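The values are calculated or read from the model by the stated rules, or taken from the named source; none is laboratory data. These figures come from a predicted structure and were not determined experimentally. Cβ: placed from backbone, ideal geometry, glycine included. Neighbour counts: every protein chain shown. Protein only, heavy atoms only, side chains kept; ligands, DNA and RNA dropped before computing areas. Shrake-Rupley method; radii C 1.70, N 1.55, O 1.52, S 1.80 Å.
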Amino acid sequence: MSGTQAPTTAAPRDSAPPLGSRRLQPMWPFSTLAQARAWEREFHSGGHQPWHLDPDQTALSFTQGYLGFQGIGRVSSHTVSGRDARIGVGLSSPHGVKGTAAVIHLVRFGTDRDAPWEVVGTNDTTFSLTRPRYGSIAHSPLLTGGRITGVDENIRVQVRQPSSAAPLGTACCVAAGGDHQPWKERVSFARARDRVLTVVASTGGHIAEVERFTVTAVRTVR
């Protein structure tokens, strides 16, 4: 298990995931359980935003809407077990590329049958983000790093928060490559006001601007 994958929890399948603890961080689309429950009430009264009940659509919305990776618009794998889901997303490319850019880890945010899906991390293989540690307190500048397998890679790192459309900070670009080779970069960020921030590292440039990415969650002091 890589450091960017949300830690495994021993919670029973029908209990609420321990979101908001250092074990699982609510990254997107809801920052708090109160927000998730507010959406449930709106859904029950008027069918508001039903995509929150679909892990595939939630993973794609996270990738395209939150991270801004518009070229990644295809579900490449789908695994759901109880209240836990692992959804692979890949390039929606005219070149017929069939690979996976990232595997998004989601859990149900709450105990209700209609609890929405929440992104909590990624499951990583050939591209990882192991620093900063998942759930740790973040300070600027933030030292990031992990390992990568590839050729002529250029790694961009961003810090994001759900309440802001633009990144809080960006560092570009780290040249990397080889077999399971370490990479690192320092990124400065400002205006953090959400309790949980998303750190995202991406690489590409061979057939698309973003071909692979990995995320982890960090916390602010608040």
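The table that follows gives values for the structure above.
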read-out: First in segment 70-82 and part of a loop (DSSP other than H, G, I, E, B), second anywhere and open to solvent by 50 Å² or more (accessible area, probe 1.4 Å) and of a type in the set (Lys, Arg), Cβ under 9 Å, 6 or more apart; value: Gly82/Arg13
read-out: Tabulated pairs, segment 98-117, first more than 19 Å from Met27 (Cα to Cα), second polar (S, T, N, Q) and open to solvent by 10 Å² or more (accessible area, probe 1.4 Å), C-beta under 8 angstrom, 6+ apart or interchain; value: Lys98/Ser76; Gly99/Ser76; Thr100/Ser76; Thr100/Ser77
read-out: Extreme residue, surrounded by the most Cβ atoms within 10 Å (Cβ to Cβ), among residues of segment 135-144 that are under 16 Å from the mean Cα position of the chain (by Cα) and either assigned to a loop (DSSP other than H, G, I, E, B) or at pLDDT below 95 (or both); value: Gly135
read-out: Qualifying position, being of a type in the set (Lys, Arg), within 18 Å of Gly71 (Cβ to Cβ) and part of a strand (DSSP E or B), among Arg147, Arg156, Arg186; value: Arg156
read-out: Which listed residue, of Ser188, Ser202, is small (Gly, Ala, Ser) and either open to solvent by 30 Å² or more (accessible area, probe 1.4 Å) or modelled with pLDDT under 95 (or both); value: Ser188
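A quick yes/no check of all residues on (1) in contact (Cβ under 8 Å) with a residue 12 or more places away in the chain; (2) of a type in the set (A, V, I, L, M, F, W, C); (3) in contact with a His (Cβ under 9 Å, 6 or more places away or on another chain):
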{"residue": "Cys172", "(1), (2), (3)": "yes, yes, no"}
{"residue": "Gln181", "(1), (2), (3)": "yes, no, no"}
{"residue": "Glu185", "(1), (2), (3)": "yes, no, no"}
{"residue": "Ala190", "(1), (2), (3)": "yes, yes, no"}
{"residue": "Arg193", "(1), (2), (3)": "yes, no, no"}
{"residue": "Ser202", "(1), (2), (3)": "yes, no, no"}
{"residue": "Ile207", "(1), (2), (3)": "yes, yes, yes"}
{"residue": "Arg212", "(1), (2), (3)": "yes, no, no"}
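One line per residue, one yes/no per condition, for (1) touching a Lys or Arg at 6+ places or on another chain (Cβ under 6 Å); (2) of a type outside the set (Gly, Ala, Ser); (3) at pLDDT 95 or above; (4) open to solvent by 60 Å² or more (accessible area, probe 1.4 Å):
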site	(1), (2), (3), (4)
Gly71	no, no, no, no
Val80	no, yes, yes, yes
Ala85	no, no, yes, no
Leu91	no, yes, no, no
Gly99	no, no, no, no
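Per-residue answers, yes or no, for (1) touching a helix residue (DSSP H, G or I) at 6+ places or on another chain (Cβ under 9 Å); (2) at pLDDT 95 or above; (3) open to solvent by 10 Å² or more (accessible area, probe 1.4 Å); (4) within 24 Å of Arg191 (Cβ to Cβ):
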| position | (1), (2), (3), (4) |
| --- | --- |
| Thr111 | no, no, yes, no |
| Pro116 | yes, yes, no, no |
| Asn123 | no, yes, yes, no |
| Leu129 | no, yes, no, yes |
| Arg133 | no, yes, yes, yes |
| Ile148 | no, yes, no, no |
| Pro162 | yes, yes, yes, yes |
| Thr170 | no, yes, yes, yes |
